[in-house]
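The values are calculated or read from the model by the stated rules, or taken from the named source; none is laboratory data. Being a predicted model, the structure only gives us computed values, none of them experimental. Cβ placement follows ideal geometry from the backbone for every residue including glycine, while neighbour counts extend to all protein chains displayed. With ligands, DNA and RNA removed, areas are computed over all heavy atoms of the protein, side chains included. Shrake-Rupley method; radii C 1.70, N 1.55, O 1.52, S 1.80 Å.
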Amino acid sequence: MMTIRRIIMAITLVWCCSVSASAQNCIDRVVEKLSLIGDSQFTSVVERDPKTRNIVKVVKILNIDGSGAAPIVRAFEAEKSKGKHEDTRNGDRRTLIISQCTDTQSRIYRLECGVRTFKYDNVKVTIVIKRKN
């Protein structure tokens, strides 16, 4: 009886951890995929601790325009309810920020895009991953 209870508790723990990490995985997968296509610009910067050479912060920026931008906007829409988010519009520009914190790192996902009927233009995605000590 006690063994079954421990197994159920372990499965529940693993499931809870996977749900909290799903936003980062979905958005990161789409950004990685879109960074490989020809009509996008992708930049990645890594900041390291000069003493230990450990990674302190990673910043990724993806710029994309046109029909290729729709998957990243859909990924943000699907994942915004799984973390703290802020969605603002200023004229025809939209900014969506999703933030997540764990014991080991904090992640900020920022989407900026122009919004027109059935079209997204000038899409910029910024991902900041900062390690906690």
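Is it the case, given these coordinates, that V123 is touching a strand residue (DSSP E or B) at 6+ places or on another chain (Cβ under 7 Å), in contact (Cβ under 8 Å) with a residue 24 or more places away in the chain, surrounded by 15 or more Cβ atoms within 10 Å (Cβ to Cβ) and farther than 17 Å from T43 by Cβ? Working first, answer last.
Details: touching a strand residue (DSSP E or B) at 6+ places or on another chain (Cβ under 7 Å): yes; in contact (Cβ under 8 Å) with a residue 24 or more places away in the chain: yes; surrounded by 15 or more Cβ atoms within 10 Å (Cβ to Cβ): yes; farther than 17 Å from T43 by Cβ: no.
It is false that V123 is touching a strand residue (DSSP E or B) at 6+ places or on another chain (Cβ under 7 Å), in contact (Cβ under 8 Å) with a residue 24 or more places away in the chain, surrounded by 15 or more Cβ atoms within 10 Å (Cβ to Cβ) and farther than 17 Å from T43 by Cβ.
Using the structure shown, decide if V59 is open to solvent by less than 20 Å² (accessible area, probe 1.4 Å) and either over 25 Å from D39 (Cβ atoms) or in a strand (DSSP E or B) (or both). Before the answer, list the steps.
Values: open to solvent by less than 20 Å² (accessible area, probe 1.4 Å): no; either over 25 Å from D39 (Cβ atoms) or in a strand (DSSP E or B) (or both): yes.
No: the conditions fail for V59.
If you take just the strands (runs of 3 or more DSSP E) that sit entirely in the range 79-133, which of them hold at least 3 residues that are closer than 18 Å to I55 by Cβ?
Working: elements: 84-90, 93-101, 105-116, 119-131.
Ranges flagged: 105-116, 119-131.
Which pairs do you get when a residue that is more than 19 Å from N25 (Cα to Cα) and aromatic (F, W, Y), found in the range 84-103, comes within reach of a residue that is at pLDDT below 90 and open to solvent by less than 100 Å² (accessible area, probe 1.4 Å), reach meaning Cβ atoms under 7 angstrom, with the pair 6+ apart or on two chains?
none
Being more than 20 Å from D28 (Cβ to Cβ) and open to solvent by 60 Å² or more (accessible area, probe 1.4 Å) is the filter here, so list the residues in the range 44-56 that pass it. Don't jump to the end; show me each part of the working.
Restricting attention to the range 44-56, the residues satisfying the condition of being more than 20 Å from D28 (Cβ to Cβ) are 48-54.
Once the filter is applied, which keeps residues that are more than 20 Å from D28 (Cβ to Cβ) and open to solvent by 60 Å² or more (accessible area, probe 1.4 Å), the range 44-56 yields R48, P50, K51, T52, R53, N54.
What are the residues in the range 75-106 that are polar (S, T, N, Q) and surrounded by 14 or more Cβ atoms within 10 Å (Cβ to Cβ), if any? I'd like the intermediate steps shown before the answer.
Of all residues in the range 75-106, those polar (S, T, N, Q) come to 81, 88, 90, 95, 99-100, 102, 104-106.
Passing the criteria: T95, S99, Q100, Q105, S106.
Please go through the range 38-68 and give me each residue that is among the aliphatic types (A, V, I, L, M) and more than 15 Å from the chain's Cα centre (by Cα), ordered by number. Can you show your working first?
Narrowing the range 38-68 to residues among the aliphatic types (A, V, I, L, M): 45-46, 55-56, 58-59, 61-62, 64.
Matches in the range 38-68: V45, V46, I55, V56, I64.
May I ask you to list the residues in the range 6-51 that are modelled with pLDDT under 55 and of a type in the set (D, E, K, R)?
R6
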